[in-house]
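K.L.:
Encoded as structure tokens, here's the structure I'll be asking about.
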Amino acid sequence: MARGALSIPTACRPRDRLDHYRAERERLKLEAEQRLTLSATEVEAAVSKILKALAQQIETLPARLERDFGLTAAETARLYPAMDAARESLHAAAVEALRA
């Protein structure tokens, strides 16, 4: 077998290809045990938690501005289009990131 063939498992002999994939599976198991990698489910849960917290902060922003800075309801109402756009942007970014 050529020296460069190991980098392309499909070009290897069947036995070498099997050894390669077994070694890769063991490497991935070890990384998971050592918490060097996360499963897709764990990543999705973490992203969801972060985005929910961020969305909560966006939702409460008008009330906090009224309370802490004395803005009127009419003044804070002008924030809603920007808040909606921010939420939509976050959603689109999350969908795109999880699709990749």
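K.L.:
Using only Cα atoms, find the angle between the long axis of helix 14-33 and the longest principal axis of the chain, and express it within 0 to 90 degrees, rounded to the nearest 10.
P.N.:
40 degrees
K.L.:
Here is a follow-up. What is the projected area of the convex hull of the Cα atoms of segment 40-99, averaged over all directions, in nm²?
P.N.:
Working: hull surface 16.8 nm².
That works out to 4.2 nm².
K.L.:
Same structure again: If you stretched the chain out fully between ALA77 and THR41, how much longer would it get, using 0.36 nm times the residue separation minus the C-alpha to C-alpha distance?
P.N.:
Working: separation 36, 0.36 × 36 = 12.96 nm, distance 3.74 nm.
Going from the current span to full extension adds 9.2 nm.
K.L.:
So for the pair ARG27, SER89, with labels modelled 7 Å out along Cα→Cβ, what separation do we get in nm?
P.N.:
Output for this residue pair reads 3.9 nm.
K.L.:
Could you check how many percent of all C-alpha pairs in the chain are farther apart than 24 Å? Intermediate values should be presented prior to the final figure.
P.N.:
On the way: 2792 of 4950 pairs.
Roughly 56 percent, once rounded to a whole number.
K.L.:
If you line up the long axis of helix 80-99 against the longest principal axis of the chain, both from Cα atoms, how many degrees apart are they, to the nearest 10?
P.N.:
It is inclined by approximately 10 degrees.
Just so you know, all these numbers are worked out from the coordinates, no wet-lab data involved. Source: prediction; values computed, not measured. Here the Cβ is made from the backbone with ideal geometry for all residues, glycine too, and neighbour counts use every protein chain on show.
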